[in-house]
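Everything on this sheet refers to the single structure shown next.
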Amino acid sequence: MGPLQLAVCAAVVVCGVAGAVYSARYHARRDAGQMTDAVFWDGFAGLVVVFPAVLIPFLASPWLGLAVASLATATAVAAYVWSPRVMARQQARLHEAAAQAEIEAAAARHRTVLSRWQRYELDPACCIDYPDMTDVRRPETAALIKAMREAERIRAVEAAGYLPAVTRLEHALGRAEAAAGVPTS
């Protein structure tokens, strides 16, 4: 058996064992530690791939077979130890992506509320038709301005509080528009 064939067998062993152990740990974790069919089939598929890759070097030389079997054992132990860390990292990435999507959705809602508010500030016709929307002496308008400041302040500092702040801003704008007599569209 040449060095290239041995290297290929070793690569198959490492990939097969690592993949089988990771998949089995993943399915066991997903199924709350139960030994389900998925765990069995992960182990069986790994064995079907790894066994010939260990057997072929063993037939060429028992010492090569022992070395490849030792490599399989070391890979299984390493994959068993490292797979929870890898899964935790993947879970953290998924959680972070979901949180980022929520923040982006809240930012879009925030921009929508601000563009609605700008209409009352910048459009002279709206200023004339609904003067209460710019009168901060009115409690609803004052609450709107406070909610606007809070959402803007929290946006830069605290991601967890940004979503509720935008929701409060939307409600404050709705209450201010209702108090000013703006017809709902």
#### Entry: Along principal axes, Cα extents of region 95-180, largest first, whole Å
47, 21, 19
### Query
Among ASP132, ASP123, which comes first, second and so on when ranked by fewest other beta-carbon atoms within 10 Å?
ASP123, ASP132
### Summary
Going fewest to most other Cβ atoms within 10 Å around each Cβ, GLU177, GLU96 line up as GLU96, GLU177
### Message
Could you derive backbone 3J(HN,Hα) for region 17-30 from the dihedral phi with the Karplus parameters 6.51, -1.76 and 1.60 (θ = phi - 60°), listing whole Hz in sequence and x where the residue is Gly or Pro?
### Response
5, 4, x, 5, 5, 4, 5, 5, 5, 4, 5, 5, 5, 5
### Message
P(r) for region 3-93, please, calculated from all Cα pair distances in 10 Å bins and given in %.
### Response
18, 43, 27, 11, 1
### Query
What are the GluC sites (Glu not before Pro) within region 123-175 that DSSP puts in a loop, where the Cβ has at most 10 other Cβ atoms within 10 Å?
GLU158
### Summary
If the chain between GLU121 and ALA74 were fully extended at 0.36 nm per residue, the gain over the current Cα-Cα distance would be 10.0 nm
#### Entry: Residue-averaged 222 nm ellipticity for the chain, from DSSP H runs of 4+ at -39500 (n - 2.57), nearest 500
-31000 deg cm²/dmol
### Query
Can you give the Kirkwood hydrodynamic radius for the chain, in Å, rounded to one decimal and based on Cα pairs?
21.7 Å
### Message
Only four residue types carry charge here, +1 at the Cβ of Lys and Arg and -1 at the Cβ of Asp and Glu. Report the dipole size of the chain about the Cα centre in Debye, rounded to the nearest 20.
### Response
400 debye
### Query
Got a sec? Charge dipole of region 95-180, +1 on Cβ for Lys and Arg, -1 for Asp and Glu; which of TRP117, ALA159, ALA176 is way out at the positive end?
ALA176
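Throughout, read-outs are computed from the coordinates displayed, never taken from laboratory work. Keep in mind that this is a model prediction, so the values were computed, not measured. Methodologically, a virtual Cβ is constructed for each residue, glycine included, from the backbone with ideal geometry; neighbour enumeration extends over all protein chains shown.
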